[in-house]
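A short write-up of the structure that comes next.
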């Protein structure tokens with residue numbers, strides 16, 4: 001399912017127009033992103049948790065030259081599925 005299909009599904013389930021459903025979906029995504037940017041974990045009971053983890057700096061190699069190089073720390077968004085979602089998918 002892509003974003004447009006998600007918007008169409010929300011519109012049909014709620015009776016909203018596609019424009020209003022699109023605004024609701026966008027607002028939801030924007031709210032999740034803003035919270036993650038601020039370092040806040042987003043917990044949606046029955047669905048899952050969105051969080052940001054940080055990978056430590058490490059040493060890598062330049063594939064062209066083989067030269068060692070330092071790779072800086074990176075923040076990565078993650079999603080952990082909740083118990084209800086896992087159970088529903090594994091029926």
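Numerical summary
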quantity	calculated
Residue-averaged [θ]222 nm for the chain, counting only DSSP H segments that reach four residues, each worth -39500 (n - 2.57)	-13500 deg cm²/dmol
Gaussian network model of the chain, Cα within-10 Å springs - most flexible of 58, 31, 17	58
Cβ-Cβ FRET estimate between residue 12 and residue 32, R0 fixed at 30 Å, reported to 0.05	0.85
Ranked list, fewest to most other Cβ atoms within 10 Å of each Cβ, for 88, 76	76, 88
Helix 18-37 vs. the chain, principal-axis angle (Cα, 0 to 90°, nearest 10)	30 degrees
Of (1) 13.0, 40; (2) 12.6, 37; (3) 18.9, 59, the label for Rg and Dmax of the Cα atoms in Å derived from the coordinates	(3)
Extension gain, residue 86 back to residue 56 (0.36 nm per residue minus Cα-Cα distance, nm)	7.9 nm
Exposure proxy ranking, count of Cβ atoms within 10 Å, fewest first, for 64, 80, 13	64, 13, 80
At R0 = 35 Å, FRET efficiency that the Cβ-Cβ distance of residue 5 and residue 71 yields, to 0.05	0.45
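Bear in mind that the values in this text are calculations on the coordinates, not laboratory data. Source: prediction; values computed, not measured. Neighbour counts are summed over all protein chains in view; Cβ atoms, including those assigned to glycine, are modelled from backbone coordinates with ideal geometry.
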